[in-house]
Protein chains: 2
Amino acid sequence: MQTYLYDFYGELLTEHQRNIYEDFVLNDFSLSEIAQEAGISRQGVYDLVRRCDKILGGYEEKLHLLERFLKTKEQISRIQAIAKGCGNQGFEAMAEILAISEEVLNEL
Amino acid sequence: MQTYLYDFYGELLTEHQRNIYEDFVLNDFSLSEIAQEAGISRQGVYDLVRRCDKILGGYEEKLHLLERFLKTKEQISRIQAIAKGCGNQGFEAMAEILAISEEVLNEL
């Protein structure tokens, strides 16, 4: 969920916040490693990450855009599953629907 | 486009900004009407609306979430059109796909 929230709202953090948050959440570095790299304390890194979580969560609480996306994704997955299940019946339109649904899912 | 941007990011404006922006963009009131109601000048209303446009546009420039939604919407519309085109061929799965795609489109 941290990764999703970051993907959606990360650009609203400062560059400094993004660097540290990415190192912790996406690159899985330890607090000590990040602290050393950034020249701040281990606790400072931890506080910053928690603060970013709060900021990102706050945007989602207001906008609910991630929620909307996840719902759409789930619905398109159902379309994809139906289209896949019909794959052997030689129905051309279904192949087309399958192709589009996969295109959507790759981008969501 | 103003309406879309407001739908996506409007919650990030202040309540005062939202009230005036809604009156102008969604409710189609005149600048003078809004000015009188809010107790500010006509120019003040206009400046506030322009500032809100800029704020909302700035969020989209950073996040591109509206762009992602509009693209998804276009793709699902294509799925819907295909499913509709096959409506008379008694293909049960297609009816299901049509129902889901309409559900998605209603919510996007």
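Table for the structure above
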{"read-out": "Verdict on B:Glu11 being within 30 Å of A:Ile100 (Cβ to Cβ), in a helix (DSSP H, G or I) and within 14 Å of chain A (Cβ to nearest Cβ)", "value": "no"}
{"read-out": "Residue, modelled with the highest pLDDT, within the range A:60-73, restricted to residues that are open to solvent by 40 Å² or more (accessible area, probe 1.4 Å) and facing chain B (nearest Cβ under 8 Å)", "value": "A:Lys62"}
{"read-out": "Residue within the range B:59-79 that is hydrophobic (A, V, I, L, M, F, W, C) and more than 27 Å from A:Tyr4 (Cβ to Cβ) present", "value": "no"}
{"read-out": "Selection status of B:Leu31, modelled with pLDDT under 95, open to solvent by less than 60 Å² (accessible area, probe 1.4 Å) and more than 9 Å from every other protein chain (Cβ to nearest Cβ)", "value": "no"}
{"read-out": "Pairs where the first residue, in the range B:33-54, is assigned by TED's automatic domain parsing to the domain that holds B:Asp23 and the second is in a helix (DSSP H, G or I) and exposed (fewer than 13 other Cβ atoms within 10 Å of the Cβ), C-beta under 8 Å, 6+ apart", "value": "B:Arg42/B:Ser32"}
{"read-out": "Per-region count, the range A:1-28, residues among the polar types (S, T, N, Q), open to solvent by 60 Å² or more (accessible area, probe 1.4 Å) and farther than 19 Å from B:Leu65 by Cα", "value": "2"}
{"read-out": "Residue that is most open to solvent (accessible area, probe 1.4 Å), among those in the range A:94-108 that are at the interface with another protein chain (Cβ under 7 Å from one of its Cβ atoms) and at pLDDT 75 or above", "value": "A:Glu96"}
{"read-out": "Whichever residue in the range B:34-58 is farther than 18 Å from A:Lys62 by Cβ and buried (at least 17 other Cβ atoms within 10 Å of the Cβ) and, among such residues, is farthest from the other protein chains (Cβ to nearest Cβ)", "value": "B:Ala35"}
{"read-out": "Count of the range B:14-28 residues which are out of contact with any helix residue (DSSP H, G or I) (no Cβ under 7 Å at 6 or more places or on another chain), within 14 Å of another protein chain (Cβ to nearest Cβ) and not polar (S, T, N, Q)", "value": "1"}
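The values are calculated or read from the model by the stated rules, or taken from the named source; none is laboratory data. Everything numeric in this text was worked out from a predicted model, so none of it was measured. Note that each Cβ is placed from the backbone with ideal geometry, even for glycine, and that neighbours are counted across all protein chains shown. To get the accessible areas, we keep the full protein, side chains included, count just its heavy atoms, and leave off ligands, DNA and RNA. Shrake-Rupley method; radii C 1.70, N 1.55, O 1.52, S 1.80 Å.
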